[in-house]
Amino acid sequence: MMDVQEWRAAWDRAQDATDALRTALSDMGAGETQVMHLRPMVNRRGTAWVDVGQLPADLAARLAGVIRVGGLDDIGPS
């Protein structure tokens, strides 16, 4: 069982990752309503997660393009 300090450290990692993903999606032109479902999570083993909920299909397709290319330089906001 994890202690509170371990949980908080995992939560901080999850929150940082959530913020980074939210910023990246916003840089791609996603509006607040498109990224509001992102949330940090920690499972009972202490693994940090980002729950992405639902993304609009067009945003998911643009995200896939960025992942394939490896950056935002070649794919700007739509």
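For the stretch 1-47, enumerate the residues that are open to solvent by less than 40 Å² (accessible area, probe 1.4 Å) and out of contact with any strand residue (DSSP E or B) (no Cβ under 8 Å at 6 or more places or on another chain).
Matches in the stretch 1-47: Ala24, Leu25, Met28, Ala30, Gly31, Val35, Gly46.
When the residues of the stretch 21-37 are narrowed to those that are touching a helix residue (DSSP H, G or I) at 6+ places or on another chain (Cβ under 7 Å) and part of a helix (DSSP H, G or I), which ends up nearest to Asp3 (Cα to Cα)?
First pass over the stretch 21-37, keeping only residues touching a helix residue (DSSP H, G or I) at 6+ places or on another chain (Cβ under 7 Å): 22, 25-26, 28, 30, 34-35.
Add one more test, that the residue is part of a helix (DSSP H, G or I), and what stays is 22, 25-26, 34-35.
Working: Arg22: 28, Leu25: 33, Ser26: 34, Gln34: 34, Val35: 31 Å.
Taking the candidates together, the pick is Arg22.
Scan the stretch 38-53 and give yes if some residue there is part of a loop (DSSP other than H, G, I, E, B) and among the charged types (D, E, K, R), otherwise no.
yes
Name the pairs whose Cβ atoms lie under 6 Å apart, with the first residue in the stretch 2-24 and at positive phi, the second in a helix (DSSP H, G or I), and 6 or more positions between them or separate chains?
As it stands, the answer is none, since no pair meets every condition given.
Could you list all residues from the stretch 14-29 that are more than 21 Å from Asn43 (Cβ to Cβ) and among the β-branched types (Val, Ile, Thr)?
Result: Thr23, single match.
Inside the stretch 57-78, can you point out the residues that are modelled with pLDDT of 90 or more and more than 13 Å from Ala24 (Cα to Cα)?
Within the stretch 57-78, Ala57, Asp58, Ala61 qualify.
The values are calculated or read from the model by the stated rules, or taken from the named source; none is laboratory data. No experiment lies behind these values; they were computed from the predicted model shown. Virtual Cβ from ideal backbone geometry, glycine too; neighbours counted across all protein chains shown. Surface areas here come from the heavy atoms of the whole protein model, side chains and all, with no ligands, DNA or RNA. Shrake-Rupley method; radii C 1.70, N 1.55, O 1.52, S 1.80 Å.
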